[in-house]
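Take a look at the structure set out below.
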Amino acid sequence: MPVNPQFKKGVLELCVLVLVKQKDQYGYELAQNLTNQIAIAEGSLYPLLRRMTKDQYLRTYTAKSSEGPPRKYYQLSDLGEKYMEELISEWNVFQGSVNNLIKEATEG
Amino acid sequence: MNQKSFLSKMKHELKGVPQKEQNEILSDYTEHFEAGKLEGRTEDEIAKELGDPKIIAKELLMTSRLEQAEQQHSFTNIMRAVLATVSLSFFNLVIVLGPAIALFAIYITMWCLSASFFLGGVALLFNALLGNSASPLINMFTFSALSGLGLIFGVGMAYISKPLYKATIRYMKWNVKIAKGEQVA
């Protein structure tokens, strides 16, 4: 389903935080897990990851992979976890309000 | 587009980014290509999924410019950051460049105003000292009032400069985060 890009941009950060909390992931892996659910241009994930790392929500480390060269893994920091919780509760309030609004409007 | 041309297009657009950061960015994308190829994807497919390297590079350049402006306060740095933000999209042209120009104009005007108050006062003082004035006392009084006003204005301006600079950066950061979205599609 096509979704307004402006809309996606805002929640992309939240999606990354949630995915990385589940387990540490490398860029390509993260891109695949995201695009399984939401259609994005994968290339724009990296600028986001850089910003989130600079803001200290994510940490990076390099680890060997069983196949191919070593990879850069992203890990959730304590600060990132706090931020994620804030974003989740904001998201819940927001989507609850929108749902109410739609319900009221469509039920007349 | 294959890996090589994707990376070279990106590199071309990243000229304004410090060398170290440039290398980090290019190695992230190289890693992405390598991982994709191990999963059996072709370079063409991977490049297509990544999107337009020029647009991605612009966003990276903007983030880098903002950071430079944040770390080292200077007029050149903030102008570069504004320009990098504006070049991202038409939307930003309206929502960033407009306010930036207005703010800058107001800022300059205020400084000129404070300088002219002060200089006007000084001119009056000279006038009085040289005995060109019919009423030196009134002249002296006006001098104090005018230059006092000029000084207070000037101090006020100096006081708000830094917060103003920071607020500009914050606004642009927020703008990157939410407002623009043409490349995420």
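The values are calculated or read from the model by the stated rules, or taken from the named source; none is laboratory data. Here the structure is a predicted model, which means the values were calculated and not measured. Counting neighbours? That spans all protein chains shown, and the Cβs are built from the backbone with ideal geometry, glycine included. Please note that ligands, DNA and RNA were not included when accessible areas were found on the heavy atoms of the full protein model with its side chains. Shrake-Rupley method; radii C 1.70, N 1.55, O 1.52, S 1.80 Å.
What is the number of the single condition among (1) modelled with pLDDT of 90 or more; (2) more than 30 Å from B:Lys58 (Cβ to Cβ); (3) over 13 Å from the mean Cα position of the chain (by Cα) that A:Tyr26 does not meet?
For A:Tyr26, the exception is condition (2).
From (1) away from every other protein chain (no Cβ under 14 Å); (2) part of a helix (DSSP H, G or I), pick out the condition that doesn't hold for B:His73.
The failed condition is (2).
Go through the range B:1-22 and give me each residue that's of a type in the set (Gly, Ala, Ser), outside any loop (DSSP other than H, G, I, E, B) and open to solvent by less than 50 Å² (accessible area, probe 1.4 Å). Walk me through it before giving the result.
Restricting attention to the range B:1-22, the residues satisfying the condition of being of a type in the set (Gly, Ala, Ser) are B:5, B:8, B:16.
Restricting the remaining residues to those that are outside any loop (DSSP other than H, G, I, E, B) gives B:5, B:8.
Matches in the range B:1-22: B:Ser5 only.
Just for the range A:26-71: of the residues that are basic (Lys, Arg) and outside any helix (DSSP H, G or I), which one is farthest from the other protein chains (Cβ to nearest Cβ)?
Step one: of the range A:26-71, the residues basic (Lys, Arg) are A:50-51, A:54, A:59, A:64, A:71.
From the residues that got through so far, the ones that are outside any helix (DSSP H, G or I) too are A:59, A:64, A:71.
Working: A:Arg59: 15, A:Lys64: 13, A:Arg71: 6 Å.
Only one residue tops the list, namely A:Arg59.
Could you tell me which numbered condition B:Ile25 fails, if it satisfies all but one of (1) under 24 Å from the mean Cα position of the chain (by Cα); (2) open to solvent by less than 70 Å² (accessible area, probe 1.4 Å); (3) farther than 30 Å from A:Ser66 by Cβ?
(3)
Tell me which residues, restricted to the range B:103-116, are open to solvent by 60 Å² or more (accessible area, probe 1.4 Å) and either of a type in the set (Asp, Glu) or free of Cβ contacts under 8 Å to residues at least 40 places away in the same chain (or both). Talk me through it step by step, then tell me what you get.
If we filter the range B:103-116 for residues that are open to solvent by 60 Å² or more (accessible area, probe 1.4 Å), which is where we start, we get B:103-104, B:106, B:108-113, B:116.
Within the range B:103-116, B:Phe104, B:Ile106, B:Ile108, B:Thr109, B:Cys112, B:Ser116 meet the criteria.
Tell me which of these B:Ala128 doesn't satisfy, since it passes every other one: (1) out of contact with any Pro (no Cβ under 6 Å at 6 or more places or on another chain); (2) open to solvent by less than 60 Å² (accessible area, probe 1.4 Å).
All conditions are met except number (1).
Quick one: A:Gly68 ticks every box in (1) open to solvent by 70 Å² or more (accessible area, probe 1.4 Å); (2) modelled with pLDDT under 90 except a single one, so which number is it?
A:Gly68 satisfies every listed condition except (1).
Condition test on B:Glu13, is it modelled with pLDDT of 90 or more and in contact with a Lys or Arg (Cβ under 7 Å, 6 or more places away or on another chain)?
yes
If you check every pair at least six apart or on different chains, which have Cβ atoms under 8 Å apart with a residue in the range A:13-26 that is within 16 Å of A:Pro47 (Cβ to Cβ) first and a residue that is in a helix (DSSP H, G or I) and basic (Lys, Arg) second?
Close Cβ pairs satisfying both conditions: A:Glu13/B:Lys177.
What number of residues within the range B:37-67 satisfy the criterion of being touching a residue at least 40 places away in the same chain (Cβ under 8 Å), assigned to a helix (DSSP H, G or I) and either more than 10 Å from every other protein chain (Cβ to nearest Cβ) or more than 12 Å from the chain's Cα centre (by Cα) (or both)? So that I can check it myself, show each step before the final result.
Let us first name the residues in the range B:37-67 that are touching a residue at least 40 places away in the same chain (Cβ under 8 Å), namely B:43-44, B:46-48, B:50-66.
Now narrow it down to the ones that are assigned to a helix (DSSP H, G or I): B:43-44, B:46-48, B:50, B:53-66.
Subsequent filtering for residues that are either more than 10 Å from every other protein chain (Cβ to nearest Cβ) or more than 12 Å from the chain's Cα centre (by Cα) (or both) retains B:43-44, B:46-48, B:50, B:53-61, B:65.
Adding up the residues that qualify gives 16.
Go through the residues of the range A:82-101 one by one and say whether even a single one is more than 14 Å from chain B (Cβ to nearest Cβ), in a strand (DSSP E or B) and of a type in the set (A, V, I, L, M, F, W, C).
For the range A:82-101, residues more than 14 Å from chain B (Cβ to nearest Cβ), in a strand (DSSP E or B) and of a type in the set (A, V, I, L, M, F, W, C): absent.
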